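Worksheet: one structure, shown below.
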Amino acid sequence: MAIQCFVLDDEPLATDLLKDYIGRLPDLELVGTANSPRQGLGFLQKNQVDLIFLDIQMPGLTGFDLLRPLGYRPKVIFTTAFREYALDSYEFDAIDFLVKPIAFDRFLMSVGKVHRFAQSGGALPEPVSPAKATRAYQYFKVDKEMVKLFLDDILWIESLKDYVRIHTITGPLVTYLRISYLEEKLPPDRFIRIHKSFIVSLDHMQAVTSTYIRVNNEEIPIGRSYKTNLDRILQHILPVDPT
């Protein structure tokens with residue numbers, strides 16, 4: 001069953017963009033839009049929807065104010081040009097927080113979170129503000145140093161038995177870790193294991209086929225035993241099935 005979506009944004013161009021994005025995905029169904037918070041509140045009080053794409057800063061009523069009187073708690077993806085609202089959004093168990101202008105690939109990542117939310121039985125991922133989400137980091141021991149590595153700099157990870165080679169936008173580094181350990185520690189909405197020897201960054205994925213994922217112009221092979229899980233995840237973040 002398709003996820004019923006409602007878009008509320010006082011900017012018509014932003015509304016039209018989200019309508020276009022939703023229309024590209026067969027597992028989403030747009031049931032209504034509104035460009036004023038009071039119009040949107042009237043619709044939502046009469047119609048229960050699965051997912052709201054909700055602007056925060058609107059004249060007369062904020063997105064937060066709109067949610068409080070509702071008699072139910074729909075899933076919410078907040079959309080705004082102002083990052084400072086991120087922390088406030090977690091009072092409402094937001095699935096995600098999209099900062100305008102919204103790119104289609106970032107929209108797809110949010111939809112993927114909605115599907116994972118449903119598949120997990122409703123357990124929300126731990127909320128992280130957009131500023132931290134885009135510059136999250138971990139420390140890795142390289143030679144005798146603990147090196148700080150931003151996760152959005154990681155392209156892919158290659159297993160070398162008891163070591164891994166982490167390919168980044170500035171070059172590779174090698175650390176004494178097993179790939180299975182990193183698979184557990186890295187955020188699953190940003191990294192996916194596609195082979196016994198490879199983990200790739202979804203943020204840096206350029207193209208996908210039935211046999212490889214291209215990252216930074218390198219073709220990373222897809223292992224046969226990982227393909228089913230990969231296909232299941234990709235069907236929620238790609239507009240068409242990979243071939």
For the stretch 48-71 the number of residues that are hydrophobic (A, V, I, L, M, F, W, C), part of a helix (DSSP H, G or I) and surrounded by fewer than 18 Cβ atoms within 10 Å (Cβ to Cβ) is 1
Taking the stretch 49-96 and the residues there that are farther than 20 Å from S36 by Cα and of a type in the set (G, A, S), the one that is modelled with the lowest pLDDT would be A86
Within the stretch 188-222, restricting to residues that are among the aromatic types (F, W, Y) and touching a residue at least 12 places away in the same chain (Cβ under 8 Å), the one that is farthest from Y137 (Cα to Cα) is F198
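In the set K161, K144, K196, K185, which member is out of contact with any His (no Cβ under 9 Å at 6 or more places or on another chain), modelled with pLDDT of 90 or more and not assigned by TED's automatic domain parsing to the domain that holds L18? Step through it out loud before you land on a result.
Working: K161 fails: modelled with pLDDT of 90 or more; K144 fails: modelled with pLDDT of 90 or more; K185 fails: modelled with pLDDT of 90 or more.
Just one listed residue meets the conditions, K196.
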Filtering the stretch 212-235 down to residues that are surrounded by 13 or more Cβ atoms within 10 Å (Cβ to Cβ), more than 17 Å from H167 (Cβ to Cβ) and among the polar types (S, T, N, Q) yields Q235
Quick count over the stretch 149-167, residues being closer than 14 Å to F198 by Cα and in a strand (DSSP E or B), is 12
Filtering the stretch 1-20 down to residues that are in contact (Cβ under 8 Å) with a residue 40 or more places away in the chain and within 19 Å of A81 (Cβ to Cβ) yields V7, L8, D9, D10, E11, A14, L17, L18
Restricting the stretch 102-116 to residues that are β-branched (V, I, T) and assigned to a helix (DSSP H, G or I), the one surrounded by the fewest Cβ atoms within 10 Å (Cβ to Cβ) turns out to be V114
- Message: Tell me yes or no: at least one residue of the stretch 21-38 is over 21 Å from the mean Cα position of the chain (by Cα) and either part of a helix (DSSP H, G or I) or in contact (Cβ under 8 Å) with a residue 40 or more places away in the chain (or both).
- Response: yes
Restricting attention to the stretch 1-45, the residues that are closer than 21 Å to G71 by Cα and aromatic (F, W, Y) number exactly 2
The residue that is farthest from S110 (Cα to Cα), considering only those in the stretch 181-224 that are of a type in the set (S, T, N, Q) and in contact with a strand residue (DSSP E or B) (Cβ under 9 Å, 6 or more places away or on another chain), is S197
Within the stretch 97-115, the count of residues that are under 10 Å from the mean Cα position of the chain (by Cα) and either under 17 Å from F191 (Cα atoms) or modelled with pLDDT under 80 (or both) comes to 10
Of the conditions (1) at pLDDT 90 or above; (2) polar (S, T, N, Q); (3) touching a Phe, Trp or Tyr at 6+ places or on another chain (Cβ under 9 Å), the single one that N35 does not satisfy is (3)
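The values are calculated or read from the model by the stated rules, or taken from the named source; none is laboratory data. In this text, all values refer to a predicted model and were calculated from it rather than measured experimentally. As a convention, Cβ positions derive from the backbone with ideal geometry for all residues, glycine included, and neighbour counts pool all protein chains shown.
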